[in-house]
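S.K.: A single structure is presented below for examination.
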Amino acid sequence: MEAFENYRKKGEGIKIIESRCHDLGHTIGNSAIEFGYKYNEILKGCKSYCAGGCINGAAHALVFQGKTIGELEDFCNSPGVEPDVRITCYHGIGHSFIEYTNLDIEKALKLCEQIKFEEGRYQCGHAVVMDYGIPASAPLNKIPQDVSDFCRGLNPIFRESCLTFTGFLEYARSLEAK
């Protein structure tokens, strides 16, 4: 990831920004897991480059390998990992859960609820309700009919994030801007 970041600072690499950067970072993180790099090496190497794409990719690979919640927490809590990277890791797990559950917000949030680390639970849930895959699949019948009511009934740690994204979720459910 460091070599990729150095490439992005000059020449043609300067053009690799935002979602392209995130997607390429995702591939690097996924590959790091596939090639068996140690968890703390991955997290220290990924840092928060490309809006966490590398960490998201690594988390994605672990979730789809069927790792338990405890194993995912061990990944995020690898020794020597900076706090902001740890937070990005839990956020990446949330993005992975929403994809893993085939965009089922309720199922994904139930997985997030199992995380012991409170800030990790929050970040996981936040990533679930704001995931870019949700509106890309609209109209999405997996979103509850009354999004606001659904959000108000959630575990308090997820409630604020869900209510913040109510309009986003409602649009993804109905494709009606009003």
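S.K.: Tell me which residues, restricted to region 49-92, are in contact (Cβ under 8 Å) with a residue 40 or more places away in the chain, open to solvent by 50 Å² or more (accessible area, probe 1.4 Å) and outside any helix (DSSP H, G or I).
M.R.: Scanning region 49-92 gives Asn77, Gly80.
S.K.: Continuing with this model, one more query. Looking at region 143-178 only, could you name the residues that are assigned to a loop (DSSP other than H, G, I, E, B), aliphatic (A, V, I, L, M) and touching a residue at least 40 places away in the same chain (Cβ under 8 Å)?
M.R.: The answer is Leu154, and nothing else.
S.K.: For Gly45, indicate whether it is open to solvent by less than 10 Å² (accessible area, probe 1.4 Å) and assigned to a helix (DSSP H, G or I).
M.R.: Against the criterion (open to solvent by less than 10 Å² (accessible area, probe 1.4 Å) and assigned to a helix (DSSP H, G or I)), Gly45 does not qualify.
S.K.: Kindly provide the set of residues from region 26-42 that are farther than 20 Å from Val128 by Cβ and assigned to a helix (DSSP H, G or I), ordered by number.
M.R.: Within region 26-42, Thr27, Ile28, Ser31, Ala32, Ile33, Glu34, Tyr39, Asn40, Glu41, Ile42 meet the criteria.
S.K.: Please tell me if Ser19 is over 16 Å from the mean Cα position of the chain (by Cα), of a type in the set (S, T, N, Q) and open to solvent by 30 Å² or more (accessible area, probe 1.4 Å).
M.R.: no
S.K.: Based on what the data block shows, is Phe4 aromatic (Phe, Trp, Tyr), surrounded by fewer than 20 Cβ atoms within 10 Å (Cβ to Cβ) and under 22 Å from Ile105 (Cβ atoms)?
M.R.: Judged against the criteria, Phe4 is not a match.
S.K.: Here is a further query. Pick from region 143-178 the residues that are among the small types (Gly, Ala, Ser), out of contact with any helix residue (DSSP H, G or I) (no Cβ under 7 Å at 6 or more places or on another chain) and surrounded by fewer than 14 Cβ atoms within 10 Å (Cβ to Cβ): which of them is nearest to Asn77 (Cα to Cα)?
M.R.: So the residue we want is Gly153.
S.K.: Looking only at region 122-142, count how many residues are open to solvent by 30 Å² or more (accessible area, probe 1.4 Å), touching a helix residue (DSSP H, G or I) at 6+ places or on another chain (Cβ under 8 Å) and part of a loop (DSSP other than H, G, I, E, B).
M.R.: Qualifying residue count for the region: 5.
S.K.: Exactly one condition in (1) hydrophobic (A, V, I, L, M, F, W, C); (2) closer than 26 Å to Ala172 by Cβ; (3) within 11 Å of the chain's Cα centre (by Cα) is false for Ala58; which is it?
M.R.: Ala58 satisfies every listed condition except (2).
The values are calculated or read from the model by the stated rules, or taken from the named source; none is laboratory data. As the structure is a computational prediction, the values presented were derived from the model and not from experiment. Using ideal geometry, Cβ is built from the backbone for each residue, glycine included, and neighbour counts are taken over all protein chains shown. Accessible surface areas use protein heavy atoms only, side chains included; no ligands, DNA or RNA. Shrake-Rupley method; radii C 1.70, N 1.55, O 1.52, S 1.80 Å.
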